Amino acid sequence: MSNIKTHPDRARLPPPCSPECLAKRRRQHKATRPQLLSRAQLDGRTSAAKAFDKLVADIEADLGGRDHLSTIERALIEAFAGAAVTLHHLNTQLALGQQIDLSQYAQVVSAMVRVASRLGLQRRSRDVTPTLSEYLAQLQEAEANKGATEVNDGLDG
C-alpha cells in the first residue's frame, strides 16, 4: 500500500482547501445535458415558425379544437407540422434545382403518412350542443326580452 502523501498523482493536485480546488469543484457541477426547449421559448418570427404555428392551429381546428384533443394527439400534430415544414423546405430546394437527399425526403413523407393515419384524415365536428345551464340562461333571457317587448307595446298603444 502506498502512502497518499507521496503518491505521484497526489503531487499534481492543489491542496484540498485552496481557491483553485474550489473553482475546480464548481466547474465539475456544470450541466452536461442539453436543456430542453419548448415551442414557447423560441422566436416565432421566422417564416418556418409561422408556417409551423399556422399548420398546428389549422389541424387542431380540423380535429375539433385544442380543448378536445388528448396530449398524445397534440404531440402528434406538432410532429406532423414539423415534418410538413421540413417537406416544404425540401420541395423548395427541389424546385430551385438544388440536389436533395432522397432518403431524407422519403423518410419525411413516410413519417407524415404514419402520423396522419394515427390522427385521421377526416374533420371532426365540434360539439356545439349547449349545456343545460346555457340552455336555461337562453330561455330566461328570451323570456325577459319578451316581457320587455310587451311592456313597450303597451306604452305605444
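Brief remarks follow.
- Extension gain for the segment THR71 to LEU121, taken as residue separation times 0.36 nm less the Cα-Cα distance, is 16.2 nm to one decimal.
- With the simple spin-label model, which puts each label point 7 Å out from Cα in the Cβ direction, the TYR135 to ASP43 separation comes to 5.3 nm.
- In order along segment 69-85, phi translates into HN-Hα couplings of 9, 7, 4, 5, 4, 5, 5, 5, 5, 5, 5, 5, 5, x, 5, 5, 5 Hz, rounded to whole numbers, per the Karplus curve 6.51 cos²θ - 1.76 cosθ + 1.60 with θ = phi - 60° and x for Gly and Pro.
- Distance between segment 36-60 and segment 82-128 - C-alpha centres, whole angstrom: 16
- Couplings 3J(HN,Hα) for segment 115-121, derived from phi with the Karplus relation 6.51 cos²θ - 1.76 cosθ + 1.60 (θ = phi - 60°), are 5, 4, 5, 6, 7, x, 9 Hz, where x marks Gly and Pro.
- Extension gain from SER110 to GLN35, taking 0.36 nm per residue of separation minus the Cα-Cα distance: 24.1 nm
- Sequence-distant residues sharing a close amide H with GLY64 (under 5 Å, placed H): ARG124
- Cα-based shape type of segment 43-149, given that a ≥ b ≥ c are square roots of the gyration tensor eigenvalues and the cut on a/c is 1.5: prolate
- Taking the average, over residues, of other Cβ atoms within 10 Å as the packing measure, peptides 34-43, 83-92, 59-68 rank 83-92, 59-68, 34-43 from highest down.
- ³J(HN,Hα) computed for each position of segment 54-59 - Karplus, 6.51 cos²θ - 1.76 cosθ + 1.60, integer Hz, glycine/proline x: 5, 5, 4, 4, 5, 5
All of the numbers you see were taken from the coordinates with simple rules; none came from a lab. Just so you know, these numbers come straight off a predicted model, no measurement behind them. So basically every Cβ, Gly included, is an ideal-geometry build from the backbone, and we count neighbours across all protein chains shown.
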